Amino acid sequence: MNYSGIVNCSIVDGIGFRTTLFISGCKHCCEGCQNPQTWDFNAGRPYTEEVEEILFDRISEDYIKGLTLSGGDPLYSADEVYELLVRFRERFGDTKSVWLYTGFKYEYCKEHFSKILDLCDVLVDGTYKCSERDTTLAFRGSRNQRVIDLKSGEEMF
Amino acid sequence: MKKFKNRFGVIPNVSDRAYFTNSMHVPVWEEITPFHKVDIEGQLTGYSSAGCITYVEVDSKVMNNIDALESIINYMMDSDIPYAAVNFPIDNCKDCGYSGAFEGDTCPICESENIEHLGRVTGYLSSDVRRFNYGKQSEFKERVDHEEHILI
């Protein structure tokens, strides 16, 4: 699995200050995508133990609320992402939250990626649609996308 | 700055830009997290009786993230910062009234060019940053959002 970068102290990828990992590779290819350079599965650099150590080190700061997985679409690398999240929960338990951005819909994710959802707190779902673009929305780009609290299954904003 | 350069010449990191940077501030172009910036400036602001405002520059989307605002303000209070501001672009359309971050000089809602870019430099607010003098505008343009980018 490759990653296209880490943004530490992001305020646009979920509640609070967060550390965001952009995982390379996406097949949704939405028109108007913010990060088309991350579609290629070979974009960026290999996600190694060393990278994870830096990532977890940043997240361990008190002022960081948690990890956000973005991309690309992390669910095209589901096996690696699952293992990453298992290690994340071993280290941080429930003291930090996980937000997951995906182009797949929540209903599809429940069917195909339930093990991953079990390790996440919030899902931002759906492809980006130019025609639904709204810059005033919290934590998402277009109106069709939903921010879902995975404990209750309810939309948050 | 012109007079300074005439007398002392161009000194790297002192007079090689269109404006001076206060010695107790991390320069605006530095890529640094807001918390690291506060760690540094919190040690220095006590030596000043004025002009020591600590800025944190963030994306306009912070309007949807009150939790983040609270985190950084609490952190600044715990770090002995006496005077602080969280800056983010706010642009206003004088025709339709829309307020937000515009890309360029056009309103995203009604496409009017009758707009203003709210901004703050050296503690002074202007309803339109294009009215600041050359030095202040240069400082404003060279700012980066306070976050850290990692790719190894």
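Descriptive notes on the structure:
- Residues of segment A:8-31 that turn out to be within 13 Å of chain B (Cβ to nearest Cβ) and not aliphatic (A, V, I, L, M), as a count: 12
- B:VAL144 vs. criteria open to solvent by less than 40 Å² (accessible area, probe 1.4 Å) and under 14 Å from the mean Cα position of the chain (by Cα): no
- Hey, A:THR68 touching a residue at least 24 places away in the same chain (Cβ under 8 Å), away from chain B (no Cβ under 14 Å), of a type in the set (Ser, Thr, Tyr) and surrounded by 16 or more Cβ atoms within 10 Å (Cβ to Cβ) or not: no
- Selected residue (criterion: least open to solvent (accessible area, probe 1.4 Å)) from residues of segment B:27-41 that are without any contact (Cβ under 8 Å) to a residue 60 or more places away in the chain and away from chain A (no Cβ under 14 Å): B:GLU41
- Counted as qualifying within segment B:1-83 are the helices (runs of 4 or more DSSP H) with 3 or more residues that are of a type in the set (A, V, I, L, M, F, W, C) and within 22 Å of A:ILE64 (Cβ to Cβ), namely B:34-41, B:66-78.
- Just one of (1) in contact with a helix residue (DSSP H, G or I) (Cβ under 7 Å, 6 or more places away or on another chain); (2) within 14 Å of chain B (Cβ to nearest Cβ) fails for A:ARG143. It is (2).
- Number of residues in segment A:37-48 that are assigned to a loop (DSSP other than H, G, I, E, B) and within 12 Å of chain B (Cβ to nearest Cβ) equals 4.
- None of A:VAL51, A:VAL7 is in a helix (DSSP H, G or I) and open to solvent by less than 40 Å² (accessible area, probe 1.4 Å) except A:VAL51.
- Some residue of segment A:19-42 being surrounded by 17 or more Cβ atoms within 10 Å (Cβ to Cβ), under 18 Å from A:VAL81 (Cβ atoms), hydrophobic (A, V, I, L, M, F, W, C) and touching a Lys or Arg at 6+ places or on another chain (Cβ under 9 Å): yes
- B:TYR19 away from chain A (no Cβ under 14 Å) and open to solvent by less than 30 Å² (accessible area, probe 1.4 Å): yes
- Here the strands (runs of 3 or more DSSP E) wholly within segment B:92-152 that include at least 1 residues being in contact (Cβ under 8 Å) with a residue 12 or more places away in the chain, more than 11 Å from every other protein chain (Cβ to nearest Cβ) and among the aliphatic types (A, V, I, L, M) are B:115-121.
- Any hit, segment B:60-72, residues being open to solvent by 60 Å² or more (accessible area, probe 1.4 Å), touching a residue at least 12 places away in the same chain (Cβ under 8 Å) and more than 9 Å from chain A (Cβ to nearest Cβ): no
- Annotation: of all residues in segment B:91-131 being among the hydrophobic types (A, V, I, L, M, F, W, C) and buried (at least 17 other Cβ atoms within 10 Å of the Cβ), the one that is farthest from A:GLU132 (Cα to Cα) is B:VAL121.
- Search result, residues across segment B:73-90 that are open to solvent by less than 50 Å² (accessible area, probe 1.4 Å) and modelled with pLDDT under 90: B:ILE90
- Just so you know, in segment A:82-103 the residues that are surrounded by 19 or more Cβ atoms within 10 Å (Cβ to Cβ) and either free of Cβ contacts under 8 Å to residues at least 60 places away in the same chain or among the small types (Gly, Ala, Ser) (or both) include one that is nearest to A:ASN2 (Cα to Cα), and it is A:LEU84.
The values are calculated or read from the model by the stated rules, or taken from the named source; none is laboratory data. Just so you know, these numbers come straight off a predicted model, no measurement behind them. All Cβ positions, glycine included, derive from the backbone under ideal geometry; neighbour counts span all protein chains shown. With ligands, DNA and RNA removed, areas are computed over all heavy atoms of the protein, side chains included. Shrake-Rupley method; radii C 1.70, N 1.55, O 1.52, S 1.80 Å.
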